[in-house]
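I have placed the structure first, in the form of structure tokens, so that the comments after it can refer back to it.
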Amino acid sequence: MPSTPRNRTVSRLQPFASTIFAEMTALATLHGAVNLGQGFPDTDGPAAMLEVARQAIADGVNQYPPGPGMPVLRQAVAADRAARYGLDFDPDSEVLVTVGATEAISAAILGLVEPGEEVVLIEPYYDSYAASVALAGAIRRTVPLVPSGDKFIVDLDAVKAAITPKTKMLVVNSPHNPTGTVFTDTELRALADIACERDLIVLSDEVYEHLVFDGRTHTPMASLPGMRERTVTVSSAAKTFNVTGWKTGWAIGPRELIDGVRAAKQFMSFVAGAPFQPAVAYALTNEQAWVTDLRSSLQSKRDVLADALTDAGLHVHSGGGTYFLLADIRPLGESDAGDFCRALPERIGVAAVPVDVFADNRDNWKHLVRFAFCKQDHVLAEAAKRLQGLQGLQGAAHP
């Protein structure tokens, strides 16, 4: 008699066996909804960059590249950091090419944090952080952002309180996914002071570094006093050049930290895709004007979506960067973002994701929904039209 099937996934990874993105995308497909759930653009990056990739394939750049990444890309990454931020890194020993930023994050945690040590996350957090901590056998401790008007700020006292003698790493993500928050220089300097005082490694996720709006500028953690020697910075081509499918990212930091990242990375994917690397190197060197135009376009798209959500009766939190806006559903008489998002594709033909899935303290975030605005203008216009279907709930009693 056959035995009853049982879950063979190790217990520490069972909570991560499925993602909210897969669930919401499936519902969007089922109901023909405009998918504002998953954060990927629906237009290509610079034409010249795409041509470099095509030519690389035609020229036979299709076998394993060097393990740390092609020299041309590592040199371009180092030159870009020096030109924009005045940060000097050795492209041979302090820059590592990875399969997207997600692999760089996982490899940094696996390579630098021992089992049983603690990693502090600021929530809501990009979902791979928690999974990577679990993979490493480490302990996750979280500190929530706190609302301040229509923005979110870092609770610095709570960050300090979360750090114990077992804490090894602090993960900082600015511009922040999923809230769109751009941490202020005051907040970043305070986090840097904490890291220096407590002798922490900082994993700084800066994949949205170019996508900051309203005249804001991005401040790298590694540029702050005492931080170069203790920071692993992660970024990628995905959000900067509209090539999320290329999965070409990098980790930057002092050799003693990058050695640890490399030790883990080489047994995960070994190498990243060869023909994309010279193309990304080309873009980093030659396509800054394209990035400036992208940033301006996304700021306009953010404003379109913010107006549509506000007109639909939701309270919108200001987004200083990234692809995302958060909206409070309580003015519609709703209280559970998960239920709201699961019903939304069928209800009005729009898909979004609940924010509480990105947090440990889920009750703090149950009323918030994340919408992505990195879509073509006609797609956003259709979403705005469909969102008008929520207006009938405006003024409903709060739960």
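The values are calculated or read from the model by the stated rules, or taken from the named source; none is laboratory data. Fair warning: this is a prediction, and the values are worked out from it, not measured in the lab. FYI the Cβ positions are ideal-geometry reconstructions off the backbone, even for glycines, and counts take in every protein chain you see. These area figures cover heavy atoms from the full protein model, side chains too; ligands, DNA and RNA do not enter into them. Shrake-Rupley method; radii C 1.70, N 1.55, O 1.52, S 1.80 Å.
Surface analysis of the chain yields an accessible area of 41 Å² per residue, using protein heavy atoms and a 1.4 Å probe. Amide H to amide H, with H built 1.01 Å from N, T231 comes under 5 Å of V202, counting only residues 5 or more places away or on other chains. Taking 0.36 nm per residue of sequence separation and removing the Cα-Cα distance, the R255/E114 pair yields an extension gain of 48.9 nm.
Helix 288-311 versus the longest principal axis of the chain: what is the Cα-based angle in degrees, 0 to 90, to the nearest 10? The helix 288-311 is inclined about 20 degrees to the chain.
Backbone geometry of the stretch 161-167 corresponds, through the Karplus equation with coefficients 6.51, -1.76 and 1.60 at θ = phi - 60°, to 3J(HN,Hα) couplings of 5, 7, 7, 10, x, 8, 6 Hz, x marking Gly and Pro.
Only helical runs count toward this figure. For the chain, summing -39,500 (n - 2.57) over DSSP H runs of n ≥ 4 and dividing by all residues gives -12000 deg cm²/dmol at 222 nm.
For the stretch 291-382, the spread of Cα positions along the three principal axes, ordered from largest to smallest, is 38, 28, 18 Å. In the list (i) 21.8; (ii) 20.5; (iii) 18.6, the label attached to mean projected area of the Cα convex hull in nm² as derived from the coordinates here is (i). Taking every C-alpha pair closer than 8 Å and separated by at least 6 residues, the mean separation divided by the residue count of the chain gives a relative contact order of 24 percent.
Using all pairs of distinct alpha-carbon atoms, the Kirkwood hydrodynamic radius of the stretch 198-320 works out to 16.9 angstrom. The apolar share of the surface of the stretch 204-269, taken as the fraction of accessible area on carbon and sulfur atoms (1.4 Å probe, ligands and nucleic acids excluded), comes to 49 percent. With Cα atoms as the point set, the stretch 229-294 shows a radius of gyration and Dmax of 13.4, 38 Å.
Angle of helix 377-387 to the longest C-alpha principal axis of the chain, folded into 0 to 90 degrees and rounded to 10: 40°.
Backbone amide hydrogens, once placed in the peptide plane, bring I139 within less than 5 Å of G116, E117, E118, V119, excluding anything fewer than 5 places away on its chain.
Cα axis of helix 185-198 to longest principal axis of the chain: angle in degrees, 0 to 90, nearest 10? Here the helix axis deviates by roughly 60 degrees. When the C-alpha to C-alpha distance is required to be over 22 Å, the pairs from K301/K385; K151/K366; K301/K366; K239/K301 that qualify are K301/K366. Dipole size of the chain about its Cα centre, with +1 on Lys/Arg Cβ and -1 on Asp/Glu Cβ: approximately 700 debye, rounded to the nearest 20. At full extension, S93 and D44 could sit 14.5 nm farther apart than now, given 0.36 nm per residue minus the alpha carbon distance. Computed from backbone phi with θ = phi - 60° and the Karplus coefficients 6.51, -1.76 and 1.60, the 3J(HN,Hα) list for the stretch 229-243 is 7, 10, 10, 9, 9, 10, 8, 6, 7, 4, 7, 6, 10, 6, 10 Hz; x is used for glycine and proline. If you roll a 1.4 angstrom probe over the protein chains with everything in place, what fraction of the accessible area of the stretch 1-138 belongs to carbon and sulfur, to the nearest %? That fraction is 56 percent. Shown for the stretch 31-145 is the translational diffusion coefficient from the Stokes-Einstein equation, using the Kirkwood radius over Cα pairs, a temperature of 25 °C and a viscosity of 0.890 mPa s: 139 µm²/s.
In nm, to one decimal, how far is the T292 label point from the Q63 one, both placed 7 Å along Cα→Cβ? Inter-label distance under the simple model: 4.2 nm.
If you sort the three axes of the alpha carbon gyration tensor as a ≥ b ≥ c, you get a/c of 1.5 or more for the stretch 157-206 and a/b above b/c, which makes it prolate.
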